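Data first, discussion second: the structure below is written as structure tokens.
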Amino acid sequence: MFERILVFLFGLIMGSFANVCIYRMPKNLSIFKPNFRCMNCNSFIKWYDNIPIISYILLKGKCRSCGSKIAFIYPAMELICGLLFLSMFYLFGFSFALIPFCLLLFSLLVITAIDFKFQIIPDEISFMLMVVGSISCFCNPVLGNTTGQRILNSFLGFFAGGGSLFLVAVIGKLIFKKDVMGGGDIKLMAGVGSFIGCGKVLFAIFIASLLGSIVGMSLIIFKKIIKKQEIAFGPYLALGTYLTLFLPAPHIVINWIMTIEEKILVKLIN
Ligand SMILES: [Zn+2]
């Protein structure tokens, strides 16, 4: 129980840091020298008014100096990050692998918010993922059972994740004469691939495309967006990656789908 609380609290703190990154990275401001000031009255926020979730509840969601509202998204992000870290504890327990995977989910959370709002994926995060994913492959059970398997799968995942989206970008450019895939998506999935390996990264991209097209179609049907407007793909890639962590190996899932299809077909024929 103690370990769980520790992981959750660490998640809350990292969620608070995620808010700093989401606010400052798109503006090219330093994330290591955050100045905690009220966005309305510019007064300094004291440390005791900056405790994840607790301060928000104690201050009733208002700035201590000027009483202006603090957006609900800030404590919400902290809570989501805490829960994401807990879900990694559920997968990996209190092991070495917990650290890189918490970092992966933290990055995916930040990328989801920034890409959704600004349609960019910061290179710094993708490069950091490539480095951490490659270095930590030795203690990463998702990549395989032996050290040899893990190194090879991390390497293959890097090229499969980045390469497949790069191919989509090149083919898309030839057919549609415009950019269909952002460079940010390519770099992100190369980084993710080094964490989850070849099979899972391709599967994550498949899930992301499926979710993206379902949401995209519904938005077009309900006329929320016009057809040519670009939709950020990063949030779907992040969600696809997260889901693959909980699903068994891709070939097992495909077997499931085939069995279900078979059953439906048999029912329809009878
Ligand atoms: Zn204020």
(request) Find the helices (runs of 4 or more DSSP H) located wholly in segment 55-141 whose residues include 1 or more that are touching a residue at least 12 places away in the same chain (Cβ under 8 Å), of a type in the set (D, E) and within 16 Å of the ligand (Cβ to nearest atom), and list them. (result) none
(request) Identify the single condition in (1) under 30 Å from F246 (Cα atoms); (2) touching a helix residue (DSSP H, G or I) at 6+ places or on another chain (Cβ under 8 Å); (3) not basic (K, R) that Y56 does not satisfy, given that it satisfies every other one. (result) (1)
(request) Could you tell me whether any residue of segment 33-48 is within 16 Å of the ligand (Cβ to nearest atom) and on the phi > 0 side of the Ramachandran plot? (result) yes
(request) Scan segment 97-108 and give yes if some residue there is under 30 Å from D179 (Cβ atoms), modelled with pLDDT of 90 or more, hydrophobic (A, V, I, L, M, F, W, C) and assigned by TED's automatic domain parsing to the domain that holds M181, otherwise no. (result) no
(request) Sort out which residues of segment 27-52 are assigned to a helix (DSSP H, G or I) and surrounded by 15 or more Cβ atoms within 10 Å (Cβ to Cβ), and write them in order of number. (result) D49
(message) Here is a list: G184, G172, G193, G197. Which entry is assigned to a helix (DSSP H, G or I), in contact (Cβ under 8 Å) with a residue 60 or more places away in the chain and either among the aromatic types (F, W, Y) or more than 21 Å from F118 (Cβ to Cβ) (or both)?
(response) G193
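In this structure, does V142 turn out to be among the β-branched types (V, I, T) and within 25 Å of F116 (Cβ to Cβ)? So that I can check it myself, show each step before the final result.
Details: among the β-branched types (V, I, T): yes; within 25 Å of F116 (Cβ to Cβ): no.
Spelling it out, it is not the case that V142 is among the β-branched types (V, I, T) and within 25 Å of F116 (Cβ to Cβ).
The values are calculated or read from the model by the stated rules, or taken from the named source; none is laboratory data. Because the structure is predicted, anything quoted here is derived from the model rather than measured. Cβ coordinates were reconstructed from backbone atoms using ideal geometry, including for glycine residues, and neighbour counts include every protein chain displayed.
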